[in-house]
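S.K.: One structure follows; several queries about it will come next.
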Amino acid sequence: MREEDRDDVALHRRLVAGDRGAFDELYRRWAGTAYGLAYRVTGQQVLAQDVVHDAFMALWRAPEAFDEARGAFRSFFLALVHHRAVDTVRRETRLRDRSARAANLEPLTGEDPAEGVVDEAFLVVRRQQVREALADLSDDQRQVLEMAYFGGKTQVQIAEELGIPLGTVKTRTFAALRKLRAALEETE
Amino acid sequence: MSDDHASIEQLLAGYALDSLEGADAAEMDRLLDEHVPDCLTCRRTLEAFGSVVGDLALAAQPLAPPDTLIASLRRDLEPRVRRPGPARLVAVAASVLLVVGLGGVALSRGGDGGGPITQLAAQDLQQALSLAERDGATTRDLGPATEVSAEGVDHFYLYGTEVPVPPAGQVYRLWLVSGAAFRYLGQFVPAPGGEVVLRVEADPAGWERVLVTVEPASAEPSEPGEPAWEAAG
């Protein structure tokens, strides 16, 4: 286990015991990443805040949901944030035209997106590794991956939007994850 | 259905991305029950894809959350004190946002006919979201909801998704309250799908709290009961 993951596990154990200080420290470590992810998926600051609030509350109320034997805390918590963000987007889709949302891939206008976010050193490195691994995917693979992960779209929706068979979406998605897995495991 | 690993791995990839639906989602559920627990290969693949997807979050630009977020979290970590009252509360199962603008429109007492509450179409939700995006807008929690206010706006919005329909014969009622004083703004019920989009011509400035209660529709609104959702005004 990497040192940064051990730090998260130690904080999580304190959280299970009801330590508010551990909650604050986990917030300091992960709120910026969580909020950035939620904003990119939902495209709305108010929705992103709601998502991150709910995710941290879920962590506080049921910290036992994370099992350190099954992976890094980072993966668990960011998956929780992502799942809630995607749920939010799918609910919102019922209410309004998604095209009216802010462009997902653009930073907030008039703000420095990273202002106030102090990344841990290991995160700076890992972010770069992830972005490089994404850049190494084919355009087709990256497209379906980003539509699914950041766009909150199902594979059926992706197939319809791109006008390609569902099987092709599955193939490209699997190939993309397999390639990312190889690249990221190599840099562990 | 066959359990060949080529097709299972494709499903695992879609599952890790939360992008399955329909028959694929059902098949994944079956595999998670019947196959994956006893298949070391699939367990390792699922774990690895989960880790990769967790790392994908790092591709998003980190953003500093608004200061109100940690403040609302710290408040919500405290035990909540509930007051007894004649009107029963209902739980709101999903997110509901109350968008509050500050302004100075005089209110007429009333409900869903000529009063300050106007039921909007679902597609008008963007009006509320646009208000929330304005400079000077702030957000705060209202129980399971989030309240957003913006300076210089003479109305506020109430909107939500999957808001439970109140029990038969009951409605939600919206109030402004300060100490023993109160002002009734009107009543509403969500659409059958749980959607609520309201525009309320009211100024919560100067009031201590904004309340939503659940009360019998047949009863004349007299005074607010126990709040279903509440926020300091």
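The values are calculated or read from the model by the stated rules, or taken from the named source; none is laboratory data. This structure is a prediction, so every number in the text was calculated from the model and none was measured. All Cβ positions, even for glycine, are placed from backbone atoms using ideal geometry, and neighbour counts span all protein chains on display.
S.K.: For the range B:152-163, enumerate the residues that are part of a loop (DSSP other than H, G, I, E, B) and within 19 Å of A:Asp50 (Cα to Cα). Even if it seems obvious, please write down each step before you answer.
M.R.: Initially, the range B:152-163 is screened for residues part of a loop (DSSP other than H, G, I, E, B), giving B:152-155, B:161-163.
Hits for the range B:152-163 are B:Thr161, B:Glu162, B:Val163.
S.K.: In addition: Looking at this structure, is B:Arg183 surrounded by fewer than 19 Cβ atoms within 10 Å (Cβ to Cβ), in a strand (DSSP E or B) and modelled with pLDDT of 80 or more? Can you show your working first?
M.R.: On the way: surrounded by fewer than 19 Cβ atoms within 10 Å (Cβ to Cβ): yes; in a strand (DSSP E or B): yes; modelled with pLDDT of 80 or more: yes.
Taking the combined requirement at face value, the residue satisfies it.
S.K.: So B:Ser222 passes all but one of these: (1) at pLDDT 75 or above; (2) buried (at least 23 other Cβ atoms within 10 Å of the Cβ). Which condition number does it fail?
M.R.: (2)
S.K.: Also: Test A:His83 against the criterion of being surrounded by fewer than 20 Cβ atoms within 10 Å (Cβ to Cβ), at pLDDT 90 or above and at the interface with chain B (Cβ under 7 Å from one of its Cβ atoms), and give yes or no. Quick ask: steps written out before the conclusion?
M.R.: Values: surrounded by fewer than 20 Cβ atoms within 10 Å (Cβ to Cβ): yes; at pLDDT 90 or above: yes; at the interface with chain B (Cβ under 7 Å from one of its Cβ atoms): yes.
The answer is yes for A:His83.
S.K.: If I ask for residues that are at pLDDT 50 or above and part of a loop (DSSP other than H, G, I, E, B), which ones from the range B:62-87 would you list? Write out each step before concluding.
M.R.: At the first step, the residues of the range B:62-87 found to be at pLDDT 50 or above are B:62-78.
Hits for the range B:62-87 are B:Pro62, B:Leu63, B:Ala64, B:Pro65, B:Pro66, B:Glu78.
S.K.: Inspect all residues belonging to the range A:166-186 and state whether any of them is in a loop (DSSP other than H, G, I, E, B) and more than 8 Å from chain B (Cβ to nearest Cβ). Even if it seems obvious, please write down each step before you answer.
M.R.: If we filter the range A:166-186 for residues that are in a loop (DSSP other than H, G, I, E, B), which is where we start, we get none.
Checked the range A:166-186: no residue is in a loop (DSSP other than H, G, I, E, B) and more than 8 Å from chain B (Cβ to nearest Cβ).
S.K.: Does the range B:162-173 hold any residues that are crowded, with 21+ Cβ neighbours inside 10 Å and touching a Gly at 6+ places or on another chain (Cβ under 6 Å), and which are they?
M.R.: B:Val163
S.K.: Take A:Glu186 and tell me if it is more than 29 Å from A:Ala48 (Cα to Cα) and out of contact with any strand residue (DSSP E or B) (no Cβ under 7 Å at 6 or more places or on another chain). Before you say what the answer is, go through the steps one by one.
M.R.: On the way: more than 29 Å from A:Ala48 (Cα to Cα): yes; out of contact with any strand residue (DSSP E or B) (no Cβ under 7 Å at 6 or more places or on another chain): yes.
Judged against the criteria, A:Glu186 is a match.
S.K.: Being crowded, with 24+ Cβ neighbours inside 10 Å, farther than 24 Å from A:Gly18 by Cα, of a type in the set (A, V, I, L, M, F, W, C) and at the interface with another protein chain (Cβ under 7 Å from one of its Cβ atoms) is the filter here; which residues of the range A:32-78 pass it?
M.R.: Within the range A:32-78, just A:Leu37 meets the criteria.
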